[in-house]
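Structure record follows, encoded as structure tokens.
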Amino acid sequence: MRAIWKGAVSFGLVSIGVKLYSATEEKDIRFHQVHREDGGRIRYKRTCSVCGEEVTYDDIAKGYDIGGGEMVILTDEDFADLPLTSSRAIDVLEFVPAEQVDPILYNKAYFLEPEGTATKPYVLLRDALIDSERVAIVKVALRQREQLATLRVREGVLLLNTMLWPDEIRTPDFGFLDEDLKVRPPELAMASSLIDSMTGEFEPDVFTDDYRAALQEVIDAKVEGREVVQPEEAEEAPAAAVDLMAALKASVDRARAARGEQPARGGGGGEPTPISSARSAQKAAEKKAAKAPAKKTTAKKTAEKKTAAKKAEPAKKTAAKKAEPAKKTAARKTAPRKSA
């Protein structure tokens, strides 16, 4: 790595000489603009819109547009008179708990390396930050601009994180914030179950830039003159509108399956979620309610049969009484007469 800045951390009356290094680098694959016909590089000329002449960097100044076609031109002397802090100092202003710094404020990160005999005070500040569990709020002038920043420790090295100023953070102004949208408790419970099923330890090395790898493969194939084999694309879920609860439930099952766990379905075992427990209780209640009318109907039919039987019993007795004399008469007629 190459140092891009040298200066000192001002820590009370202690001065710690340091070198500044960029802590991050973008891995984007960069392209040049070229002529499609012959591959020649496309060059842009810096020309003046008034006289049309090509202008060198030495003849370029900074201009501020005040509207109406008027421009205020600022020179290097104008910038030199601005009340900037020393361009070679990192002034520690205060120490605060790290959780009080909103991550949205962070801009760019730099490593600090001790220079010369500054190793001992450097290590002292580093260990003091670790012991206090705080970060240092500092001001530093980089590239002719005063910036707010933090000093914290990462892997045994002081890390300078430049920050945006509070007035550089936009306030969200979206229509849905004024809408009275209510989330049902079952939906919230299912969303919480989904979060639980997808919870893990963050390991940055697990994640890769698949697009950059595929693009590099295309470039390598072009260089070697071989055919590019496109990887099979994963089938995307349909974009049609689906029931929110059904989508959440399916997401929970998929997350469980990815972890090798049993999906939380009705007949599939696994730990019941708040929603599955509620649905099971609801189904049990519905079954119980469905059985109740059936019992009443059966009891009603039994009672009707008993009533019909009671009504039929006197009729049977009356018929029997009427039939008894007829039987006796028939018996007399059929009985043989005795001879004299």
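The values are calculated or read from the model by the stated rules, or taken from the named source; none is laboratory data. A quick note: this is a predicted structure, and the numbers were derived from the prediction, not measured. Cβ coordinates were reconstructed from backbone atoms using ideal geometry, including for glycine residues, and neighbour counts include every protein chain displayed. Just the protein is used for accessible areas: all its heavy atoms, side chains included, with ligands, DNA and RNA removed. Shrake-Rupley method; radii C 1.70, N 1.55, O 1.52, S 1.80 Å.
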Could you check the simple spin-label distance between Q33 and E115, using points 7 Å along Cα→Cβ, in nm with one decimal?
-> 3.9
The set of residues whose placed amide H lies less than 5 Å from the amide H of A141, leaving out same-chain residues fewer than 5 positions away, is A89, Q147
Area of K27 that stays accessible when all protein chains are in place (1.4 Å probe, Å², to 10) = 110
To the nearest 10 square angstrom, what accessible area does K6 show with a 1.4 Å probe?
-> 100
In what sequence, highest mean first, do 122-132, 47-57 appear when ranked by Cβ atoms within 10 angstrom?
-> 122-132, 47-57
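Report, in listed order, any pair from K62/K139; K45/K108; K6/K27; K27/K139; K19/K120; K19/K108 with a Cα-Cα distance greater than 22 Å.
On the way: K62/K139 25 Å; K45/K108 31 Å; K6/K27 26 Å; K27/K139 29 Å; K19/K120 15 Å; K19/K108 16 Å.
Long pairs (Cα-Cα over 22 Å): K62/K139; K45/K108; K6/K27; K27/K139.
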Heavy atoms of M163 accessible to a 1.4 Å probe, total area in Å² rounded to 10 = 10
Applying the Karplus parametrisation 6.51 cos²θ - 1.76 cosθ + 1.60 with θ = phi - 60° to the phi angles of the stretch 163-174, what ³J(HN,Hα) value in whole Hz is obtained for each residue in order, glycine and proline being reported as x?
-> 10, 6, 7, x, 6, 8, 8, 6, 8, x, 10, 10
In the neighbourhood of A8 defined by beta carbon distances under 11 Å, the net charge of the other residues (Lys, Arg +1; Asp, Glu -1) is +1
May I ask for the distance between the Cα centers of the stretch 1-66 and the stretch 137-171, given as a whole number of Å?
-> 20
Would you pull out the residues with amide H under 5 Å of F11's amide H, same chain only if 5 or more places away, H placed 1.01 Å from N?
-> I16
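Rg(Cα) of the stretch 49-199 divided by 2.2 N^0.38 Å?
On the way: Rg = 23.8 Å, N = 151, 2.2 N^0.38 = 14.8 Å.
Output field value: 1.61.
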Long-range amide H partners of A23, meaning residues 5 or more apart or on another chain whose placed amide H is closer than 5 Å, are A109, Y110, F111
Sequence of F174, F79 from largest to smallest accessible area, 1.4 Å probe = F174, F79
Could you tell me what % of all Cα pairs in the stretch 13-58 have separations over 12 Å?
-> 80
q = 0.23 Å⁻¹: log10 I(q)/I(0) that the Debye formula gives for the stretch 70-115, counting C-alpha atoms only = -1.06
